[in-house]
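What follows draws every value from the coordinates through simple rules; no lab data is involved. In this text, all values refer to a predicted model and were calculated from it rather than measured experimentally. Neighbour counts are summed over all protein chains in view; Cβ atoms, including those assigned to glycine, are modelled from backbone coordinates with ideal geometry.
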Amino acid sequence: MGHDHLIVVEPVDGGWRVGCDEMQPLMFLSGGRAEAQARLIARCLTRLGDDARVIVHDRDRGLVGAHRYFAE
């Protein structure tokens, strides 16, 4: 049985952060690139048999997107 991972895209000083579980956070200058990377991570996790959720926040820290990916 797989795990359920939470991947969060959020603004930080100077850019955007992508965090997932215990993984070292990734930093991006573009929010769009950060979100694209979060989705790629989610798809990779599903191929490994895990579920994933991607949560995206805007610059005001409001929730602008939530996507669920299920294990393959």
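Below is a table of values for the structure above.
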| read-out | value |
| --- | --- |
| Angle between the chain longest axis and helix 31-47 axis [Cα atoms, degrees, rounded to 10] | 10 degrees |
| Rule-of-thumb Rg ratio for the chain [Cα; 2.2 N^0.38 Å; N residues] | 1.06 |
| Exposure proxy ranking, count of Cβ atoms within 10 Å, fewest first, for GLU22, GLU35, GLU72 | GLU22, GLU72, GLU35 |
| Rough spin-label spacing in nm, given labels placed 7 Å along Cα→Cβ, for ARG47 and ARG59 | 3.5 nm |
| Dipole magnitude of the chain, debye to nearest 20 (Cβ charges: Lys/Arg +1, Asp/Glu -1, about Cα centre) | 220 debye |
